[in-house]
Each structure stands twice: as C-alpha cells, then as structure tokens.
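K.L.:
Provided herewith is a single structure, encoded as structure tokens, for subsequent inquiry.
The values are calculated or read from the model by the stated rules, or taken from the named source; none is laboratory data. Quick caveat: nothing in here was measured; it's all calculated off a predicted structure. Heads up, the Cβs are rebuilt from the backbone with ideal geometry, glycines too, and the neighbour counts pull from every protein chain shown. Surface areas here come from the heavy atoms of the whole protein model, side chains and all, with no ligands, DNA or RNA. Shrake-Rupley method; radii C 1.70, N 1.55, O 1.52, S 1.80 Å.
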Amino acid sequence: MKIEEKFTELKNKKQKAFMAHVYYKDPDKDFSEELIKTMIDSGIDILELGIPHSDPTSDGPTFIKACERSLRAGTTPKQVISSIKKIRKYSDIPVIVTTYFNIAYRYGIYKFIKDIKHAGADGLIIPEAVVEESDELLKTGKKYGIDIIFIIGPYSSGIRIKKITDNASGFLYVVSRTGVTGVKKDLGIETSATIIKIKKYTDLPLLVGFGISQPEQVKKIIQAGADGVIIGSAIAKIYENYIENRKIINKEECLDEIRKFVKKIREDIKNIFYQKK
Amino acid sequence: MNLYGGKFKMRLNTKFGKYGGTYVSELLMPALEELEAAYIRSKKDRKFQRELKMLLKEYAGRPTRLYFAKNLSEKLGCRIYLKREDLLHGGAHKTNNGIGQGLLAKYMGKTRIIAETGAGQHGFAAAMAGAFFDIKTEIYMGTKDIERQKMNVNRMKLCGAKINPVSLGSCTLKDAISECLRDWVANVKHTYYLLGTVAGPHPYPSIVRDFQKVIGEEVKEQILKKEKRLPDYILACVGGGSNAMGIFNAFLKEKKVKLIGVEPAGRGLNTKFHGAAICKGSPGIFDGALSYLLQDKHGQINESYSISAGLDYPGVGSQLSFLHDSKRVRFTAATDKETLAAFRLLAETEGIIPALESAHAVAYAIKISKGLTKENLIVINLSGRGDKDVFHAMKALGGKSDEN
C-alpha cells in the first residue's frame, strides 16, 4: 500500500498513524521476523525497517546497541531488502526503509532505490540526507515511486521548511526535540510550535518521533495536531531485556509484552482522537 | 544572541569537487548555517582578525621557527627544514585552530564548547581555549586513547575541561566524533562544537583550514628569506589532515612544489591495521561529509589503526580527498616501524622529539632522501612535539633502546 493511500484510509477511519521503527535481524533473523509480524498484528500502520550501520550518529544508546547486535549477526543491506519481500507476503502496510547515507551510497543510490522498490518498500528515510544533499535520492525516488521522507526539527527555519516541503512526499518526520533517538520521559516543549509552523507550509501528514514511549507524550503529540507518532527505541528497550548471549530468551513472553505495548499505544491514539472530536 | 528561526542558508560552496557537503541530521543544519554566517562575518571583522593575530603572536608564540636541521640534512644528504609547530604553545599546531574557533565561539555568544580528541592535542587546544575564553568545555575521548595519551588527559583536566570517555566502537577518535555529533544535536542552541580537523560537514573543513593556513604562509616567507627559493618538497602527516592543509594551502598554486601527505600505514598497508584512508580507502559518507574512507563493501566503517592516536582515524578531510583526485597532493604512507625509527633519528641527530604523528612525515623524508642531492630542499611540518608519546614510544621501541 502506498503511503498516501494509508493516510487516506486512516483519515476516512478518523484515525491517526502509528509507525514502528526496528533494526532488522536484531538480535537474529527469526526473532526479528516474528517481532515484525507481532507488531503488524497488533495494529501498527507503517513499518520503518532499519538497515544497521557501524556508526549510527543519529541514534541514541538503545539503537546503537541494536545496530551492533544486528551487525554481529552478519546483517547486510541485501538481506534487509530481501526481508521486505517476506513482509509483503504477510501484510500490505507501507514499509519504509531507513538507513544511513553511506549504506545507500556504497550500494549505489539508483540501484538501492530500485531494489527496495522491487522488494516492496514504499519510502526511504536517511537521517543525514538533508534536502541539499538529496538530488539523486529525489530524482530516483520519483522515478520508482519511493517517497523520500525528510526530517524537520524544532530549529529548522521557515526557509528550510519551505525548501524541504517543496521536495518532500509521503509524510514529514518531525523530531519533537533536539537530540538522538531514544526513550525520554518528557517531550520537547517545542513540539506544538513546530507542528503549527510546519503546517503553514504543507498539507503533508506530520509524524512525530524521537524519544516517544509514554501515553502522555502520544496524547500531547496528537493534540498538538500531528498525524501520528513514530516509536522505535521503546520497543527495542522491551526486547533487549530478553537478550542473553545474543539470543532472545523467553521469546513468547517477550513478544507478548511487545504485543501489549503496541496495542496500548494503538488504543491510546484511537481514544485521544475520539475524545478530541 | 539568538540566531535561530532566522534567515540563514548556506552562502558558500559546501564542496570541493564532489567531496565535502553537509551530510548531517536536519537538526544540525540551523547550527551549521549559523556557524557559516559567523565564520563569513569573522573574516571581514577587523576587530576579530586583530584579536586573533594578537593572540597567535603573544599567547601562542607565532610565528614558529623554520629551522634548518643541519645534522639531519648531513645524515640524509639533502637540505631539510623543520617547521616548528611543536614549539607552539600547547605543543602542536592544534593551538591555531583552538584559539581561532574559541574566539569564534566567544563572538557567537556560545556558553559551552564540546570537542573530540584522539591524541589529546586538539582536546588540549580546546581545553586551553575554554580556559582562556572562560567557556565551559567538555572533551569526548575514546577510552583506548585515554589509555595511551594519559599526559594530555591530565593537561585537559588541569585547564578545567571535563573528559567524557567514549567506550563505543573502536573507542578511538571516530567514536569520539560520533559522540560529539550526538551531544551537539541535543544541545545545539548554546553549544559550540569545536571540531579539530579539516573533516566533518561544511563549513568545518574551510574554517579549520583557514585557522591553520598561517603555517604555510609563514613557511613561504621564511624559506624565501633563507633560501631565496621555494622548496622542492613539503611533507606533512595526514590523519584528518589539518596540519597538512595548514602547510599546503599557501603552496597549492605553486605547481613546482611537490606536496606530499603521509598517512599512517600502521603494521603495513597490506594488513588490516592501518589508517590510510586515501592510499587504501574509497569515497564514502562519514562524519557529515563525502571523503575517502576505510570501509567494507557494504559501507560499514572499518576500524583504523595507528601507533599514533592522532592519525588513528578511518576518514580524511574533504579538500584533501579532492586534492588527491586532482593529483595536486600526492599521498603515501609510513609504517609504525618506519615512524619509530624516524622518531628516534630526529631525537638523536637534532635533539628534537617529534610527536609520533609528525614522525610519519620525517619517516617519509628518510625514504625519499635516498634519491635526492644536496641541492634538494625539503620542508617537513613538525606539527607537534613528542612529550606525550615518550612513554608509549619507549614501550614500542622495547628492548631495542637498550641494545645499542
């Protein structure tokens, strides 16, 4: 399903989006695939599937460890891309590939986008692909129908927001606070102001991410006018407690905990939205 | 001063050929735009330039000497001059950049400085700037480097800087830079990131080069005075490449002067244990820029290795990457073994103990001297002094130091 179709569907259902971010093959292939299925079954709307990098500079401690574990399991970009084909057999929710620039650069940007498209992906997030460095990504993305997702932060100026929104498609990844990925209790105070500012420039959906794990944060984000939330490290934080010697122990219990967490967030988003109407 | 929400956008070319650029999180772009604006302003600001010049002279001790190394020259059979950046306050060329960017941070009204360091020379330059300009300073340093550069750790602490040990990845310079980027992105409003080399996103490669180019400008003046001509060779070691860009920049247009960058070959270029990004790497995106890089076929960054912490970095400056492709600068490498021999030779012939980083350039001078005559003129950038390395080098030289 295309990203745009997903948002139309959600809009018709008066729902907001829930995107979940995981790094593939952390700590191994079997668990990773079951984790993805569990999350899809529990109601995520969009999957953000990460290809690990040795130096993930936009990630905090939880995802740094996730990248390390995945790389130790021998993950290659090709494996992650093939895994999308498997996911496609299971579900039609939008899949967005996320990785660092050098992975795509080394693979060849044109070939990378072509291959993820053929595997069934719908979008691409590269945290260091600021709009100035994204000509080839945008051109190839357009050709193959891969949405290039851009990040906007609390300090991005009007000029920058305009430049970004003029080129963006799919949705915008709004970072709720300055910093890296990772669970934080509070929310950037700038979130509401940032959302209002961006809405002046675009009708694209706005998903808010970085540091989100609490129902209270989800509520504030939705009430501030966002079209959905992105949760990543909070999920990795749950299963990392079940990792011993690079293997998941008590897998069923672990997946059950994740199922509950995802369903809870899904319900929270739903309830907040209905309360507001 | 609050420059955010303003009208900044990059005004300068962010690239050298295809290299360089701003491959960073969007969250850092406003800060890079603000930094570029301040950098452009500082170049035209007479007060800033006057203050910088005064500090370089009175505080840091510029100009540094261009010393004719008589004994070494006799031994090697050509005329060798040493640019004595090792005599600069702080013990290395890093002070030029520390003072320059420290002043910039002050003019920008920043209240906190962060910096990465490998050998601790840049960390010390940043700590020095923090103390001098009275700005709170935190230094990120890999735990492996903390172990091998203890003296500099203590020097930084004495200047009041806080050391943040980094125990990620290879626990060296690249990981310290990654942690700096993470810190900066979280504290971008008030924090100045004092990057130590000519790598990283625009405008750093230009800023650091401009604060270091005084080295080459002085060399040009000094050698013309002493020899009435330009040198045949200029040699500099290359990790990130700030001392090399610093001494090369004034000679880029002097096509007759051969510019040679010496990378760390570690245990040999055919092993996995080296840090020769240009000699053995390929272009890739790392630490905010496109440059030569040690990486695997999937684009994961390889760990570098060098006996000298300051050269132990898998990337290299973007302008140097460009100068390699355009063939204006030739890149070669010296092994740990050759470096230690050079370290020792300079100490024994001239009574000068070079930093292990700078000893790489001396090692290459020894190598090329075999084909040269008394007429040939070599300038080596002696970018730092070796006090910090004495313990480490003695250990590496092992029993050999007692044999002779």
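K.L.:
Output the residues belonging to the range B:320-340 that are farther than 14 Å from residue B:269 by Cα, in a helix (DSSP H, G or I) and open to solvent by 30 Å² or more (accessible area, probe 1.4 Å).
P.N.:
B:322, B:324, B:325
K.L.:
Spot the failing condition for residue A:76; the list is (1) among the polar types (S, T, N, Q); (2) modelled with pLDDT of 95 or more; (3) open to solvent by less than 20 Å² (accessible area, probe 1.4 Å), and only one is missed.
P.N.:
Of everything listed in (1) among the polar types (S, T, N, Q); (2) modelled with pLDDT of 95 or more; (3) open to solvent by less than 20 Å² (accessible area, probe 1.4 Å), residue A:76 misses just condition (3).
K.L.:
So, restricting to strands (runs of 3 or more DSSP E) that lie completely within the range B:245-300, which ones have at least 1 residues that are within 14 Å of chain A (Cβ to nearest Cβ) and in contact with a helix residue (DSSP H, G or I) (Cβ under 6 Å, 6 or more places away or on another chain)? Full working, then the answer.
P.N.:
Details: elements: B:258-266, B:282-286, B:289-293.
Of the strands (runs of 3 or more DSSP E) lying wholly inside the range B:245-300, those with at least 1 residues that are within 14 Å of chain A (Cβ to nearest Cβ) and in contact with a helix residue (DSSP H, G or I) (Cβ under 6 Å, 6 or more places away or on another chain) span B:282-286, B:289-293.
K.L.:
Which one of these is without any contact (Cβ under 8 Å) to a residue 40 or more places away in the chain and among the β-branched types (Val, Ile, Thr): A:181, A:98, A:165?
P.N.:
A:165
K.L.:
Determine, yes or no, whether residue B:355 is within 17 Å of residue B:234 (Cβ to Cβ), of a type in the set (A, V, I, L, M, F, W, C) and touching a residue at least 12 places away in the same chain (Cβ under 8 Å). Outline the logic, then answer.
P.N.:
Values: within 17 Å of residue B:234 (Cβ to Cβ): no; of a type in the set (A, V, I, L, M, F, W, C): yes; touching a residue at least 12 places away in the same chain (Cβ under 8 Å): yes.
When the stated conditions are applied, residue B:355 does not pass them.
K.L.:
Okay, next question. Which residues, taken from the range B:329-360, are touching a Ser or Thr at 6+ places or on another chain (Cβ under 8 Å) and of a type in the set (A, V, I, L, M, F, W, C)?
P.N.:
B:355, B:356, B:359
K.L.:
Determine whether the range B:47-59 contains at least one residue that is within 11 Å of chain A (Cβ to nearest Cβ), under 21 Å from the mean Cα position of the chain (by Cα) and not charged (D, E, K, R). Don't jump to the end; show me each part of the working.
P.N.:
To start, the set of residues in the range B:47-59 that are within 11 Å of chain A (Cβ to nearest Cβ) comprises none.
No, the range B:47-59 contains no residue that is within 11 Å of chain A (Cβ to nearest Cβ), under 21 Å from the mean Cα position of the chain (by Cα) and not charged (D, E, K, R).
K.L.:
If you check B:182, B:209, B:155, B:229, which single one turns out to be at pLDDT 95 or above, in a helix (DSSP H, G or I) and farther than 18 Å from residue B:90 by Cα? First the steps, then the outcome.
P.N.:
Numbers: B:182 fails: at pLDDT 95 or above; B:155 fails: farther than 18 Å from residue B:90 by Cα; B:229 fails: in a helix (DSSP H, G or I).
Among B:182, B:209, B:155, B:229, only B:209 is at pLDDT 95 or above, in a helix (DSSP H, G or I) and farther than 18 Å from residue B:90 by Cα.
Yes/no per residue for (1) more than 19 Å from the chain's Cα centre (by Cα); (2) more than 12 Å from every other protein chain (Cβ to nearest Cβ); (3) over 30 Å from residue B:353 (Cβ atoms); (4) at pLDDT 95 or above:
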position: B:3; (1), (2), (3), (4): yes, no, yes, no
position: B:22; (1), (2), (3), (4): yes, no, yes, yes
position: B:36; (1), (2), (3), (4): yes, yes, yes, yes
position: B:67; (1), (2), (3), (4): yes, yes, no, yes
position: B:76; (1), (2), (3), (4): yes, yes, no, yes
position: B:99; (1), (2), (3), (4): no, yes, no, yes
position: B:107; (1), (2), (3), (4): yes, yes, yes, yes
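K.L.:
If you check residue B:97 against the conditions, is it open to solvent by 10 Å² or more (accessible area, probe 1.4 Å) and in contact with a helix residue (DSSP H, G or I) (Cβ under 6 Å, 6 or more places away or on another chain)?
P.N.:
No.
K.L.:
While we're on this one: If you check every pair at least six apart or on different chains, which have Cβ atoms under 6 Å apart with a residue in the range A:200-221 that is modelled with pLDDT of 90 or more first and a residue that is open to solvent by 50 Å² or more (accessible area, probe 1.4 Å) second?
P.N.:
A:201/A:162
K.L.:
Quick check on the range A:82-112: of everything there that is assigned to a helix (DSSP H, G or I) and among the charged types (D, E, K, R), which residue is surrounded by the most Cβ atoms within 10 Å (Cβ to Cβ)? Give the derivation first.
P.N.:
Keep residues of the range A:82-112 that are assigned to a helix (DSSP H, G or I), which gives A:82-90, A:101-107, A:109-112.
Next cut, among the charged types (D, E, K, R) only: A:85-86, A:88-89, A:106, A:111.
Details: A:85: 12, A:86: 13, A:88: 14, A:89: 8, A:106: 21, A:111: 11.
Within the range A:82-112, the match that is surrounded by the most Cβ atoms within 10 Å (Cβ to Cβ) is A:106.
K.L.:
What residue, of B:178, B:170, is hydroxyl-bearing (Ser, Thr, Tyr), in contact (Cβ under 8 Å) with a residue 60 or more places away in the chain and open to solvent by less than 10 Å² (accessible area, probe 1.4 Å)?
P.N.:
Among B:178, B:170, only B:178 is hydroxyl-bearing (Ser, Thr, Tyr), in contact (Cβ under 8 Å) with a residue 60 or more places away in the chain and open to solvent by less than 10 Å² (accessible area, probe 1.4 Å).
K.L.:
Among the numbered criteria (1) surrounded by fewer than 23 Cβ atoms within 10 Å (Cβ to Cβ); (2) within 22 Å of residue A:208 (Cα to Cα); (3) away from chain B (no Cβ under 14 Å), which single criterion is violated by residue A:30?
P.N.:
Going through (1) surrounded by fewer than 23 Cβ atoms within 10 Å (Cβ to Cβ); (2) within 22 Å of residue A:208 (Cα to Cα); (3) away from chain B (no Cβ under 14 Å) one by one, residue A:30 breaks only (2).
K.L.:
So residue B:196 passes all but one of these: (1) crowded, with 24+ Cβ neighbours inside 10 Å; (2) closer than 24 Å to residue A:155 by Cβ; (3) out of contact with any Pro (no Cβ under 9 Å at 6 or more places or on another chain). Which condition number does it fail?
P.N.:
In the conditions (1) crowded, with 24+ Cβ neighbours inside 10 Å; (2) closer than 24 Å to residue A:155 by Cβ; (3) out of contact with any Pro (no Cβ under 9 Å at 6 or more places or on another chain), residue B:196 misses (2) alone.
Conditions (1) aliphatic (A, V, I, L, M); (2) surrounded by 15 or more Cβ atoms within 10 Å (Cβ to Cβ); (3) assigned to a loop (DSSP other than H, G, I, E, B), marked per residue:
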{"position": "B:35", "(1), (2), (3)": "yes, yes, no"}
{"position": "B:38", "(1), (2), (3)": "yes, yes, no"}
{"position": "B:49", "(1), (2), (3)": "no, no, no"}
{"position": "B:53", "(1), (2), (3)": "no, no, no"}
{"position": "B:58", "(1), (2), (3)": "no, no, no"}
{"position": "B:67", "(1), (2), (3)": "no, yes, no"}
{"position": "B:74", "(1), (2), (3)": "no, no, no"}
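K.L.:
Another question about this same structure. Quick one: would you say residue B:349 is hydroxyl-bearing (Ser, Thr, Tyr), open to solvent by 40 Å² or more (accessible area, probe 1.4 Å) and touching a residue at least 24 places away in the same chain (Cβ under 8 Å)? Before you say what the answer is, go through the steps one by one.
P.N.:
Numbers: hydroxyl-bearing (Ser, Thr, Tyr): yes; open to solvent by 40 Å² or more (accessible area, probe 1.4 Å): no; touching a residue at least 24 places away in the same chain (Cβ under 8 Å): yes.
It is false that residue B:349 is hydroxyl-bearing (Ser, Thr, Tyr), open to solvent by 40 Å² or more (accessible area, probe 1.4 Å) and touching a residue at least 24 places away in the same chain (Cβ under 8 Å).
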